[in-house]
Amino acid sequence: MRATFSNTTAAPVLALLLNALAWGVAWWPFRQLQSLGLHPLWATACIYGLAASGIGLWRPQALGQVVRLPSLWGIVIASGLTNAAFNWAVSIGDVVRVVLLFYLMPLWSLLLARRLLGEAVTVGACVRAVLAVVGAACVLAGPAAATGDMRASSASLADALALLAGFAFALNTVLLRRAAAVPREGRAMAMFLGGALVAGAAATLLSGAGDAAVLAVTWPGAAAAWVGPVAGLALAFLVVNLCLQYAVARLSARVTAVVLPCEVLFAAVTAVWWGGASLHLGLVVGGVCILSAAIASVWGHARAAPDRVAE
C-alpha cells in the first residue's frame, strides 16, 4: 500500500525544513554582525549565552544537571567546538564548500562509533566513508569561491574550521546517544552552554594574542548596532531547536535523512543569490558524493536521529 503524506507527517517535516533553512542561511547574519564589528566567535558566545540563559529560566534544574552529570561535560566541549568552528567558518569562507565539508559525518561517525560505542564496522559503513572522502577530495581540489575580499589564508582557515566542526558534530551525536537517559533540558543546556563557553574562550585567547578583528567587540560604539540582532538570533536558535526536537521525535530516521541535507541546498542558493558565490564542477560532484554518503548513513540507521542544536 502506498503511504500518504498526512497532516500528522506534514507538521514535523515543515518543522525540520525550518531547522534546515535556519542553518542554511545562518552564514548571512553572522557576516552582517562581523561587518558591525562583532567577530563570529564573540557573536556565537553572546547568542548561545543568551539561549542558555533562556533555558535556565525555563528549566532551572538544567544547569544543575550539567554540573552534576559527567556524561554532559563532553557534550559541552563537542557542541561548543561545533558551533564556534562552523559559525566562524561560514563567516570567512565559501559557504557551500564549508557546509559540504561539515557533512563528512559518515567518516567521523564510523571512527567514533567504533571507538566510543563499540559498534561493529560494516561494509556499508566503509563504503559510505570512502564515498565521503572522495567527495571531500573533489571539493578541496576545486577553487574556493572568490567572494568579496576573501584571501587564500581565509579559505584555508575556513576549510580547517569546517572539518573540525564536522568532526565535533559527529562526536556530539555519539555523546548524545550515550547520554540518552539524561533529561532533554540537560542535554540542551549542555549544547548551548558549550557554544557560549568554547566560543568565548577562543575569542578571549585570540584577543590576548592581539587579533584586531576579535578585539573589535571591545569598541563601545559598536555594541548598540548588534545587541538587538544578537538577541533576535538567540531567540531564533531556541525556536529552531524546539522545531528539531519536535520533528525528530515524530519522524523516522529515513525521513530525517532526506530532509536535513536540504540545509546544503538552502546554503547554496542563498550563497549564490546573496553572496555572489559561484559553483564549479568539483563542488557539485563532491557535494553529490558527500550528501549521498550522509543520506545513506542515516537512512540505514534504525534509531531516530539524536537532538541537534548546532552544526
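The values are calculated or read from the model by the stated rules, or taken from the named source; none is laboratory data. All values reported here derive from a predicted model rather than from experimental measurement. Using ideal geometry, Cβ is built from the backbone for each residue, glycine included, and neighbour counts are taken over all protein chains shown. Note: accessible area is taken over every heavy atom of the protein model, side chains too, but ligands, DNA and RNA are not part of it. Shrake-Rupley method; radii C 1.70, N 1.55, O 1.52, S 1.80 Å.
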> Can you pull out the residues in the stretch 10-64 that are modelled with pLDDT of 90 or more, open to solvent by 10 Å² or more (accessible area, probe 1.4 Å) and in a loop (DSSP other than H, G, I, E, B)?
Replying inline: Val25, Arg59, Pro60
>> Taking the conditions exactly as written (surrounded by fewer than 24 Cβ atoms within 10 Å (Cβ to Cβ), modelled with pLDDT of 90 or more, closer than 22 Å to Ala234 by Cβ and out of contact with any His (no Cβ under 8 Å at 6 or more places or on another chain)), does Ser79 satisfy them or not?
In response: no
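Among residues belonging to the stretch 25-78 that are of a type in the set (S, T, N, Q) and without any contact (Cβ under 8 Å) to a residue 12 or more places away in the chain, point out the one that is farthest from Leu176 (Cα to Cα).
The residue in question is Ser35.
From the set of residues in the stretch 208-238 that are modelled with pLDDT of 80 or more and among the small types (Gly, Ala, Ser), which is nearest to Gly195 (Cα to Cα)? Break it down stepwise before answering.
Taking the stretch 208-238 first, the residues modelled with pLDDT of 80 or more are 226-238.
Next, from what is left, pick out any that are among the small types (Gly, Ala, Ser): 228, 231-232, 234, 236.
Values: Gly228: 19, Ala231: 15, Gly232: 17, Ala234: 12, Ala236: 15 Å.
Among residues in the stretch 208-238 that are modelled with pLDDT of 80 or more and among the small types (Gly, Ala, Ser), the one nearest to Gly195 (Cα to Cα) is Ala234.
Answer yes or no as to whether Ala170 is more than 20 Å from His39 (Cα to Cα), touching a Phe, Trp or Tyr at 6+ places or on another chain (Cβ under 7 Å) and of a type in the set (A, V, I, L, M).
Yes, satisfied.
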> What are the residues in the stretch 149-203 that are open to solvent by 10 Å² or more (accessible area, probe 1.4 Å), over 24 Å from Ala62 (Cβ atoms) and not aliphatic (A, V, I, L, M), if any?
Replying inline: Asp149, Arg151, Ser153, Ser154, Ser156, Asp159, Phe167
>> One residue is enough: does the stretch 111-118 have a residue meeting the conditions of a type in the set (D, E, K, R), at pLDDT 90 or above and surrounded by fewer than 15 Cβ atoms within 10 Å (Cβ to Cβ)?
In response: no
>> For the stretch 239-254, give me each residue that is assigned to a helix (DSSP H, G or I) and at pLDDT 70 or above.
In response: Val239, Val240, Asn241, Leu242, Cys243, Leu244, Gln245, Tyr246, Ala247, Val248
> Which one of the conditions (1) crowded, with 17+ Cβ neighbours inside 10 Å; (2) at pLDDT 90 or above does Pro106 fail to meet, given that it meets all the rest?
Replying inline: (2)
